[in-house]
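Here is the structure we will look at, set down as structure tokens.
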Amino acid sequence: MGWGDTELPNVSLAARPDTCFGVVNLSTSLNETQKKAIASPWFSTAFGLIGLCSNLFALYVLLSSSRKLTSRSRSSFLVFLCGLVVTDFMGLLVTASVIIPYHFIKFNWAEVDPGCHLCNFLGFSMVFFGQCPLLLGATMAGERFFGINHPFSRSTSISKRRAWSIVGMVWGFSCVLGLLPVLGLGRYTLQYPGSWCFLTLLPDTGNAVFCLLFALLGIFSVLLSFIFNTVSVVTLCRVYHDRESVQRRRDSEVEMMVQLVGIMIIATICWMPLLIFIIQTILQQLPAGERARTLPTETQKLLLIYIRMVTWNQILDPWVYILFRRAVLQRVHPGLRARPSLLSLYPVLNPSLRRKLAQEARLQ
């Protein structure tokens with residue numbers, strides 16, 4: 001998602017405040033240097049292809065790894081990762097299918113989409129494929145939190161079917177969120193410089209509620225991931241420094257946590273500036289109320305910059321899994337070798353349960 005790079009559409013669109021074309025000042029001009037830097041269709045095409053190929057490669061590696069695993073805990077984690085990669089891939093594919101043709105054809109939005117259906121679809125895609133990775137990151141962090149800190153509170157790990165069901169629920173929730181403007185809460189509008197649609201940062205009630213809902217939900221997901229991952233990392237650090245269990249480390253947990261922390265860091269860097277900017281913009285404009293009809297030029301330009309930052313999230317996510325796998329980490333640090341599980345932390349266990357956990361650790 002996030003492809004705000006192209007030339008300006010017909011300036012007359014700004015005279016239609018009652019549609020998706022009249023919120024931003026599309027008459028703001030770009031100099032020749034800026035046009036060559038950001039409006040080149042070849043640059044956008046190459047940028048999109050890099051993201052698509054990265055996610056396809058990560059998906060191939062994930063599917064190859066899942067076929068070799070019999071551990072349910074690791075398999076469920078790979079299901080969540082697979083859902084994340086598929087979401088990022090589809091997000092790039094769907095938005096590119098609208099934006100890249102526009103770069104080459106230079107169609108007039110008002111003529112091609114007078115009813116704003118294409119704009120609503122693109123805006124929905126931006127929200128849906130933007131919120132999904134944040135929610136999936138929080139879901140993965142929560143699953144690992146309970147798996148590491150309460151490993152014996154349940155007899156078995158999440159099955160693949162249940163993991164896919166959770167991924168489906170995240171997709172469904174994000175879909176409902178993205179449909180809210182179509183159903184009347186806020187609206188999607190064409191954004192500066194006229195090549196993409198997104199939520200409207202105006203202080204009227206509907207737009208303000210939807211913008212705050214989107215931003216606060218994203219921030220909550222990032223903070224929840226941070227809390228879960230921090231506690232999980234602290235637990236693993238205690239295991240590593242425990243004198244009695246230093247030789248009984250479970251490297252699969254470490255591998256998953258490294259990947260989760262990487263995903264969280266990327267999401268924080270790419271998303272938090274945009275989410276904070278949305279909240280700040282809405283709160284600063286609230287005194288204006290219904291009087292505000294268009295966004296200030298500076299706000300439009302800043303929104304474009306933050307959206308471009310968000311785009312990198314979908315490109316960098318797959319490389320977290322590609323680069324931070326045990327097979328790769330062991331080449332960098334040969335001391336990382338598979339060891340028995342964390343059973344030494346829990347000396348009093350049912351014998352049958354201990355045998356089951358020990359067998360699972362050997363399979364990993």
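Below is a table of values for the structure above.
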{"read-out": "Given (1) at pLDDT below 95; (2) within 25 Å of LEU217 (Cβ to Cβ), index of the condition MET169 fails", "value": "(1)"}
{"read-out": "Residues that are open to solvent by 10 Å² or more (accessible area, probe 1.4 Å), assigned to a helix (DSSP H, G or I) and either of a type outside the set (Gly, Ala, Ser) or within 15 Å of CYS132 (Cβ to Cβ) (or both), drawn from segment 178-206", "value": "LEU179, LEU180, PRO181, VAL182, LEU183, THR205"}
{"read-out": "Which numbered condition PHE128 misses (of (1) open to solvent by less than 10 Å² (accessible area, probe 1.4 Å); (2) within 16 Å of the chain's Cα centre (by Cα))", "value": "(1)"}
{"read-out": "Of the criteria (1) in contact with a Ser or Thr (Cβ under 8 Å, 6 or more places away or on another chain); (2) open to solvent by 10 Å² or more (accessible area, probe 1.4 Å); (3) modelled with pLDDT of 85 or more, which one CYS119 fails", "value": "(2)"}
{"read-out": "Failed criterion for ILE105 (all others in (1) free of Cβ contacts under 8 Å to residues at least 12 places away in the same chain; (2) within 23 Å of PRO181 (Cβ to Cβ) hold)", "value": "(2)"}
{"read-out": "Matching option when the condition is more than 14 Å from the chain's Cα centre (by Cα) and within 19 Å of PHE226 (Cβ to Cβ), among GLU143, GLU111", "value": "GLU143"}
{"read-out": "Test set (1) touching a helix residue (DSSP H, G or I) at 6+ places or on another chain (Cβ under 7 Å); (2) loosely packed, with under 14 Cβ neighbours inside 10 Å - ILE166 fails condition number", "value": "(2)"}
{"read-out": "Residues within segment 273-289 that are open to solvent by 20 Å² or more (accessible area, probe 1.4 Å), more than 25 Å from THR139 (Cα to Cα) and hydrophobic (A, V, I, L, M, F, W, C), tallied", "value": "3"}
{"read-out": "Residues (within 22 Å of VAL209 (Cβ to Cβ) and open to solvent by 30 Å² or more (accessible area, probe 1.4 Å)) located in segment 254-272", "value": "MET272"}
{"read-out": "Test: residue in segment 246-257 that is at pLDDT 85 or above and part of a helix (DSSP H, G or I)", "value": "yes"}
{"read-out": "Any pair with Cβ under 7 angstrom, 6 or more apart, that starts in segment 210-227 at a residue that is farther than 17 Å from VAL310 by Cα and ends at one that is outside any helix (DSSP H, G or I)", "value": "PHE210/LEU185; PHE210/GLY186; PHE210/LEU199"}
{"read-out": "Unique match (being assigned to a helix (DSSP H, G or I), modelled with pLDDT of 90 or more and aliphatic (A, V, I, L, M)) among LEU304, LEU274", "value": "LEU274"}
{"read-out": "Contacts under 7 angstrom Cβ, first residue in segment 168-187 being free of Cβ contacts under 8 Å to residues at least 60 places away in the same chain and at negative phi, partner not in a helix (DSSP H, G or I) and not hydroxyl-bearing (Ser, Thr, Tyr), 6 or more apart", "value": "LEU180/GLY186"}
{"read-out": "Qualifying residue in segment 212-223 (condition: assigned to a helix (DSSP H, G or I) and in contact with a strand residue (DSSP E or B) (Cβ under 8 Å, 6 or more places away or on another chain))", "value": "yes"}
{"read-out": "Identity of the residue in segment 87-116, in a helix (DSSP H, G or I) and over 22 Å from GLY48 (Cα atoms), that ends up most open to solvent (accessible area, probe 1.4 Å)", "value": "GLU111"}
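The values are calculated or read from the model by the stated rules, or taken from the named source; none is laboratory data. Bear in mind that the values here come from a model prediction, so they are computed numbers and not experimental data. Using ideal geometry, Cβ is built from the backbone for each residue, glycine included, and neighbour counts are taken over all protein chains shown. When the accessible area is computed, the model is the full protein with side chains, heavy atoms only, and any ligands, DNA or RNA have been set aside. Shrake-Rupley method; radii C 1.70, N 1.55, O 1.52, S 1.80 Å.
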